[in-house]
């Protein structure tokens, strides 16, 4: 099948670019001496997670238990970090089942979650590894002081069924000095209590090429590098030719010479702006912008004539690749201009 | 099952509120003497479409062929308007199959689409009804002048396999004067050419309680009224107690007294802002705001202490209900505090 025969809108994944991105960033991490633990949220496809592991990743990151379940059952993945506070008996029960199948670790930032984990794992044969999530400036989850990190690490070490695994943070951009102070103090306090800190897990796509700025980091969690997207292009983290996920859309209306409408709206591209203007980059049309989305329509405007014709197909690099994966039950694997196969997005929509 | 036993995040649909919303707006349309043709994009559930039809709706609106297919195969719906330019042989073939099963009409705003429809339907027993989409200010699809509307209506009337069905527009808010002039002129021009204009299809949730402002309208297309949402609350189109779709979420972190984090992020709430500040209204906590979303986290801030505890469940009215439905493979039907059943969102993710 020729790419032009694919019904639109569709999400195309170019495996040549994907393989290149995987190898390039794995080589970078190898050179920097940091472990790579890719986040599967970007692709949600066990087959691609296995490509990442084959290239040298030490395991994967999932955000929810249901994502981990999909990666294990469909991909045979055997080393998973879930970077989310697990709360509630149903989720804890599912976590216990998973821990019997693979090398599993989780994070926590509060005593209630840690207590729930201990209550669930205290009678298990092997301990659950728990890392303390630290807020080093992102203002999301995480203990907010090194002292709190130490107190929680001590608690984890003291409770039955649990093993303290280290520190984890989602570092905000350009605050490396603050992050280093936080992580350094927390590590010192914990080690001074006689508890080793085997892992310091950092990550994030925006600062993917400057991992040396947080020298305490032992592993890097990152998702978007496998596909890249417009937000990373705009930060000069990648080139247009490194973008492995594109949306194929058809021009379905040209109401005025300077306006056109495509059959892809927020149900494919999503409303994520990531601080950018417009809803994606149209390959080959740098002067056009996707000015507005409704659910099934994308409105394109140009300063002059768009040059687009009804029926014409365009390819779009989205602002944010991860959220696009989550909109589609299946994507199309391609290599260059060649269709390879339809691929189910196995872990799509997993929120539990 | 008690509502508090439902795993989070989940989308709850209160059938008591839904039934009330359906009856209330149907009564309003009956009183105003305008036909109601609900848009299924809000719920994507055939069972709810059938409630709308049972209450008196003349048919439903779908945005894509795949949505119509789902409504027909799973719900036995028999009157569908697809408000989208249909382009491409695969879609046209699917449209032809559907037209043999139900009363089907579509819209078009250009000659290329109309020609494709005619080529597909010219040898069919019954004609396909085609309405001309008019842009009355929304700057999306639609012919931009009454004269163009007339030319396209004449073309539809002249081509084999097609029957001109009238005019359709998605009217922008508060531009009723401009809309009336456009529709009036277009209707006059078309009728002066000897072609009747049986239907003038208008719609939209923001102006749902002022249909009399466009007196030429013969049918009203509207989706959100079945659930309502924060955007309609803010416009005073509905009360909090009219909101039938809520997101059930759990507080999973309280890093600081004025901050909390829930287990629902943009994968449930979506990034749709609709011009509002914050990402939803937390029922019972009018002074808290959902300040930031990542895919699986919702960050809540208060001016003072949030008053939220880890493990606490909250219910959120989203900014935009339709896009939330599209994130979930299933929702939970409830009545008040009583769980009714899990309900698959049959037409979720249908973009073709």
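The values are calculated or read from the model by the stated rules, or taken from the named source; none is laboratory data. Computed from a predicted model, the values in this text were never measured in an experiment. Here the Cβ is made from the backbone with ideal geometry for all residues, glycine too, and neighbour counts use every protein chain on show.
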Determine, yes or no, whether residue B:82 is under 17 Å from the mean Cα position of the chain (by Cα) and either in the same structural domain as residue B:324 (by TED's automatic domain parsing) or at pLDDT 95 or above (or both). yes
Log entry, pairs with first residue in the range A:230-241 being under 14 Å from residue A:286 (Cα atoms), second being buried (at least 22 other Cβ atoms within 10 Å of the Cβ) and at pLDDT 95 or above, beta carbons closer than 6 Å, six or more apart or on different chains, reads A:230/A:281; A:230/A:317; A:230/A:319
Would the range B:134-156 turn up any residue that is modelled with pLDDT of 95 or more and on the phi > 0 side of the Ramachandran plot? yes
Is there a residue being within 14 Å of chain A (Cβ to nearest Cβ), at pLDDT below 95 and out of contact with any strand residue (DSSP E or B) (no Cβ under 6 Å at 6 or more places or on another chain) anywhere in the range B:62-78? no
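Condition check ((1) surrounded by fewer than 19 Cβ atoms within 10 Å (Cβ to Cβ); (2) touching a strand residue (DSSP E or B) at 6+ places or on another chain (Cβ under 7 Å); (3) facing chain A (nearest Cβ under 10 Å)) across all residues:
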site	(1), (2), (3)
B:292	yes, yes, yes
B:296	no, no, yes
B:308	no, yes, no
B:321	no, yes, no
B:327	no, no, yes
B:330	yes, yes, yes
B:333	no, yes, no
B:340	yes, yes, no
Please give the helices (runs of 4 or more DSSP H) falling wholly within the range B:142-249 in which 3 or more residues are under 17 Å from the mean Cα position of the chain (by Cα). B:230-234
Unique match (being over 25 Å from residue A:5 (Cα atoms) and touching a residue at least 60 places away in the same chain (Cβ under 8 Å)) among A:351, A:340, A:314: A:351
For the range A:231-256, enumerate the residues that are more than 16 Å from residue A:25 (Cβ to Cβ) and surrounded by fewer than 24 Cβ atoms within 10 Å (Cβ to Cβ). A:231, A:234, A:240, A:248, A:250, A:251, A:254, A:255, A:256
Surrounded by 24 or more Cβ atoms within 10 Å (Cβ to Cβ) and at positive phi - does that describe any residue in the range A:38-46? yes
If you go through the range B:119-137 one residue at a time, how many are surrounded by fewer than 20 Cβ atoms within 10 Å (Cβ to Cβ) and either facing another protein chain (nearest Cβ under 9 Å) or touching a strand residue (DSSP E or B) at 6+ places or on another chain (Cβ under 7 Å) (or both)? 1
Go through the range B:59-79 and give me each residue that's surrounded by 19 or more Cβ atoms within 10 Å (Cβ to Cβ) and either farther than 18 Å from residue B:348 by Cα or not assigned by TED's automatic domain parsing to the domain that holds residue B:100 (or both). B:59
State all residues of the range A:268-278 that are under 20 Å from the mean Cα position of the chain (by Cα) and away from every other protein chain (no Cβ under 11 Å); if no residue qualifies, say none. A:275, A:276
Looking only at the range B:90-109, decide whether some residue is within 14 Å of chain A (Cβ to nearest Cβ), more than 22 Å from residue B:347 (Cβ to Cβ) and surrounded by fewer than 23 Cβ atoms within 10 Å (Cβ to Cβ). no
Answer yes or no as to whether residue B:217 is crowded, with 24+ Cβ neighbours inside 10 Å, in contact (Cβ under 8 Å) with a residue 24 or more places away in the chain, within 19 Å of residue B:138 (Cβ to Cβ) and touching a helix residue (DSSP H, G or I) at 6+ places or on another chain (Cβ under 9 Å). yes
Looking at (1) buried (at least 22 other Cβ atoms within 10 Å of the Cβ); (2) in contact (Cβ under 8 Å) with a residue 40 or more places away in the chain; (3) out of contact with any helix residue (DSSP H, G or I) (no Cβ under 6 Å at 6 or more places or on another chain), which is the one condition that is false for residue B:115? (1)
Residue A:281 is checked against (1) in contact with a strand residue (DSSP E or B) (Cβ under 7 Å, 6 or more places away or on another chain); (2) within 16 Å of residue A:7 (Cα to Cα) and fails just one. What number does that condition carry? (2)
Looking at the range B:310-319 only, could you name the residues that are surrounded by 22 or more Cβ atoms within 10 Å (Cβ to Cβ) and away from chain A (no Cβ under 12 Å)? B:314, B:316, B:317, B:318
Yes or no: the range B:245-259 includes at least one residue that is touching a helix residue (DSSP H, G or I) at 6+ places or on another chain (Cβ under 8 Å), more than 12 Å from chain A (Cβ to nearest Cβ) and in contact (Cβ under 8 Å) with a residue 40 or more places away in the chain. yes
Only one of (1) facing another protein chain (nearest Cβ under 8 Å); (2) surrounded by fewer than 24 Cβ atoms within 10 Å (Cβ to Cβ) does not apply to residue A:263, and that is (2)
Taking residue A:86 and the conditions (1) crowded, with 16+ Cβ neighbours inside 10 Å; (2) within 14 Å of chain B (Cβ to nearest Cβ); (3) over 18 Å from residue A:352 (Cβ atoms), which numbered condition does it fall short on, given that it satisfies the others? (3)
Any chance you could count how many residues in the range B:51-64 are over 18 Å from residue B:34 (Cα atoms) and within 15 Å of the chain's Cα centre (by Cα)? 3
